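Participant: The structure that follows is given in the form of structure tokens.
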Amino acid sequence: MTAVDILTSISSYLASIFSDWRVVVFAGLVLAAFIWNGRNRVIWNNAWKASSYQSICVPETCWSYDARSLETFARAARCVWIGNRTALDRYTIDILRFSDIALAMALAAVSVFIWYEIVVLPRSYDWVKWAAFPCGAMAILYGVADLAEDLKLSTLLRHSDKVDRADAAATNMLTRIKFVSLGLSIIGAAVFGVIWLAETGAEKLTRRPPRPQTVRTRQ
């Protein structure tokens, strides 16, 4: 089979999938979730990197964090302004409570959908079909873990005067489960990689906003 034949087969298969209006609506919602979260992330990341606190790790991107590091991040994020709102407010509400949840659900759903299509594909290898079941399960686990992490982390950061060590440890475990399950879902990791590259490119192409106002408050 030549490269042309392979491309023709793929295009025909995709055409058959997208002939269903429900798949088109699903793809539109997934794309909207990716764009929504990406926009929020680019705005927030540009402001954070332009501040004097950029060396502080954002919790959900770290493999390990504890109660003290959450308190440190929250204090710093309260001192960085994005427009007329603090970075902490934008992060815990706009991202963790809304767009990142949409991203987690969309990423998990599209991963499961692709693995399902691989299973029902007549010409799929048997070992690929067998791999689809555990990988699809990992995609679902990722979605659940990311959703729980977002809600828990948002609550802890918004009430960060004294973060409970047990709550911080439990949230950190959710973060680790999220990382591992996303990687084991394979397709989810590949899609996330594309999203990350797109966001990174957008950050570089976007004109940096004026340096956010940084205010030091008494502890």
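Readers should treat all values here as calculations from the given coordinates under stated rules, not as data from a laboratory. Everything numeric here is computed off the predicted structure, so don't read it as measured data. Cβ: placed from backbone, ideal geometry, glycine included. Neighbour counts: every protein chain shown.
Participant: Among Met173, Met138, Met105, which one moves the most in a GNM of the chain with springs linking Cα atoms closer than 10 Å?
Facilitator: Largest GNM mean-square fluctuation: Met173.
Participant: If you don't mind, another one. Match the structure shown to one of the listed values (1) 0.92; (2) 1.11; (3) 1.05 of Rg/Rh (Cα atoms, Kirkwood Rh), computed from it, and give that label.
Facilitator: Checking each listed value against the structure points to (3).
Participant: Karplus couplings for the range 81-95 from phi (6.51 cos²θ - 1.76 cosθ + 1.60, θ = phi - 60°), rounded to Hz, Gly and Pro as x?
Facilitator: My calculation for the range 81-95 gives 10, 10, x, 9, 10, 6, 5, 5, 5, 5, 6, 6, 9, 4, 8 Hz in order.
Participant: As an exercise, use a Förster radius of 35 Å and the Cβ-Cβ distance of Ala198 and His159 to find the FRET efficiency, rounded to the nearest 0.05.
Facilitator: Computed FRET efficiency for Ala198 and His159: 0.55.
Participant: Measure off 7 Å from each Cα along the Cα-to-Cβ vector at Met173 and Ala131, then give the distance between these two points in nanometres to one decimal.
Facilitator: My value for the distance between the label points is 3.1 nm.
Participant: Output the 0 to 90 degree angle, nearest 10, between the alpha-carbon long axis of helix 165-184 and the longest principal axis computed from the alpha carbons of the chain.
Facilitator: It is inclined by approximately 30 degrees.
Participant: Considering the options Tyr65, Val24, Ser55, tell which one lies farthest towards the positive end of the dipole of the range 1-103, charges being +1 on Lys and Arg and -1 on Asp and Glu at the Cβ, about the Cα centre.
Facilitator: Going by the Cα projections, it comes out as Ser55.
Participant: Got the relative contact order for the chain handy, in percent, Cα pairs under 8 Å and 6 or more residues apart?
Facilitator: 29
Participant: Among Ala189, Leu153, Met138, which residue has its Cα positioned farthest towards the positive end of the charge dipole of the chain, with +1 placed on the Cβ of Lys and Arg, -1 on the Cβ of Asp and Glu, and the dipole taken about the Cα centre?
Facilitator: Of the options given, the answer is Leu153.
Participant: Treating only the Cβ of Lys, Arg, Asp and Glu as charged (+1, +1, -1, -1), what charge dipole size does the range 3-205 show about its Cα centre? Round to the nearest 20 debye.
Facilitator: For the range 3-205, the charge dipole is close to 440 debye.
Participant: Compare the Cα positions of Trp36, Pro122, Ala106 along the charge dipole of the chain (+1 at Cβ of Lys, Arg; -1 at Cβ of Asp, Glu; about the Cα centre) and return the one farthest towards the positive end.
Facilitator: The one lying farthest along the dipole's positive direction is Trp36.
Participant: If one computes the Cα centroid of the range 130-163 and of the range 23-95, what distance in Å separates the two points?
Facilitator: If we compute the Cα centre of each part, the gap is 16 Å.
Participant: Another one. Order by neighbour count: Val191, Val144, Val24, fewest other Cβ atoms within 10 Å first, most last.
Facilitator: Val24, Val144, Val191
Participant: Compute the long axis of helix 100-120 from its Cα atoms, compare it with the longest principal axis of the Cα atoms of the chain, and write down the angle in degrees, 0 to 90, nearest 10.
Facilitator: Helix 100-120 sits roughly 20 degrees off the main axis of the chain.
Participant: Using θ = phi - 60° and the Karplus form 6.51 cos²θ - 1.76 cosθ + 1.60, what ³J(HN,Hα) does each residue of the range 20-33 get, whole Hz, x for Gly and Pro?
Facilitator: Taking θ as phi minus 60°, the curve returns 7, 4, 5, 5, 5, 5, 4, 5, x, 5, 4, 5, 4, 5 Hz for the range 20-33.
Participant: Show the residues, 5+ positions off or on another chain, whose built amide H is closer than 5 Å to the amide H of Ile82.
Facilitator: Amide H to amide H, under 5 Å and 5 or more residues apart or across chains, Ile82 pairs with Ala87.
Participant: Mean residue ellipticity at 222 nm from the helices of the chain, using -39,500 (n - 2.57) per DSSP H segment of n ≥ 4 over the full residue count, to the nearest 500 deg cm²/dmol?
Facilitator: -23500 deg cm²/dmol, from helical runs alone.
Participant: What lysines sit close enough to Lys49 to cross-link, taking a C-alpha to C-alpha distance under 23 Å and skipping anything fewer than 8 places away on the same chain?
Facilitator: Hits, sequence-local ones excluded: Lys204.
Participant: If the only charges are +1 at each Lys and Arg Cβ and -1 at each Asp and Glu Cβ, what is the size of the charge dipole of the range 1-102 around the Cα centre, to the nearest 20 debye?
Facilitator: 440
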